[in-house]
Amino acid sequence: MAHFFMLPTDENGVIADLDTLNIDLPMALKAPFNFSEVFFYSHGWWTDATGAMKSYNKFGIGFAKTIVQGLANAATLPPHLAVGIHWPSMFSEEPSSLLNKVELLSYWTMEKRADNVGENAGYAFLRTVLQNKQKSLRCINLVGHSFGCKVVLSTLQEMIKDKLSTRLPVNVILLQAACDDDDLSPDDIYGKVVKGFPNLRMLITTSTLDKALGEQYPMAGRINLFHSVDRKALGAVGPIDKVKKLFPKKEIGQITVDAKFNANQQGVADILKHKLVVADLSAIHGYRNRTKGPDGKPLYEADPNSGSHCDIYFEQLYSLIAKFLY
């Protein structure tokens, strides 16, 4: 059994549909539903409402299919509640708006907005889940892509700042994270997250073929007129050693995902049980760029500017996430 909510917000992270938060969500967390897992998804920059729904639908169906196919008995699929947040990450939600022609100029605005959305809407969501949780709830899973990773991390940071933690397993999946490689350091913006949740685990994907993070992200830091800095993206290079030291040494794993990736292989499965897993998607991204599908086109046509930044809808990645969680 599964159910999906869409949680719309304004630019400040104020939830537009309070009935969903105050009535529908608490009701879903009570009997007779008895969900054992809650998923929270956040998209990234430059995504309108239609794009957000398409993204969540595509990812959710592909991910669920991978889980079901990997189970001996599909009926054992954990009942889950999924919530996808939609935050205004574009100047205009109207596709034909002339404002969207200059969307690149919104980079710094949307970077800050992602944090505001997490601190407000994400926090309100997770607080509601914990206040209404039943004994059946076994874990909370948060999934972010690009600036959506900032939404996820700022949600958790705000929970700790407000002294609202949980001993439930909290699984954090950061897909091509558009935040700094040192942001999880104890003295940085999300410095309380790792130690703030006793049973937190984190999966971080990286890729050398992600031009948005490998090239554009550092450039944006250098040309910021208000605060020029040298920066590297977490989704490009992974976390710095200072962040890794927050996790037990024996609980840190590194994995390369290629076309033949098998999450059930003994060595791979063992690594995916660790508390921190960094998965390099460069090989599978390269394979998908150069391999043609039945239609004669590449499995993924990389954008000239962003490269494989948005290439997150494929079986090997779903399998990686599923084995990390289960």
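What follows draws every value from the coordinates through simple rules; no lab data is involved. Note that this is a predicted model, so its numbers are computed, not measured. We place every Cβ from the backbone using ideal geometry, glycine too, and count neighbours over all the protein chains shown.
Figures for the structure shown
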quantity	calculated
Order by protection proxy (mean Cβ within 10 Å, highest first), peptides 5-12, 232-239	232-239, 5-12
Region 29-53 versus region 288-324: alpha-carbon centroid distance in Å	22 Å
Which listed pairs, of LYS135/LYS244; LYS133/LYS192; LYS211/LYS323; LYS30/LYS244; LYS161/LYS211, have C-alpha distances above 29 Å, in listed order	LYS135/LYS244; LYS30/LYS244; LYS161/LYS211
Cα-Cα P(r), region 104-202, percent of pairs per 5 Å interval	3, 13, 24, 28, 18, 8, 4, 2, 0, 0
Helical segments meeting 27 Å axial Cα length and Kyte-Doolittle -1.0 threshold in the chain (DSSP H)	49-69
Note, ³J(HN,Hα) from phi for region 164-169, Karplus 6.51, -1.76, 1.60, rounded to Hz, x at Gly and Pro	10, 10, 8, 8, 4, x
Region 239-256-region 115-178 distance, computed between alpha-carbon centres (Å)	21 Å
Rg and Dmax [Cα atoms of the chain; Å; Rg one decimal, Dmax integer]	18.9, 56
GNM result for the chain, Cα springs below 10 Å: residue of VAL38, VAL229, VAL83 fluctuating most strongly	VAL229
Computed over region 2-325: relative contact order in percent, which uses C-alpha pairs under 8 Å that are six or more apart	17 percent
Prolate/oblate/rounded label for region 213-267 (Cα gyration tensor, a/c 1.5)	oblate
Counting DSSP beta bridges with both ends in the chain, the antiparallel % (nearest 5)	10 percent
Sequence-distant residues sharing a close amide H with PHE40 (under 5 Å, placed H)	VAL83, ASN141, LEU142, VAL143
Potential lengthening between LYS245 and MET27 on full extension [0.36 nm per residue; Cα-Cα distance subtracted]	74.5 nm
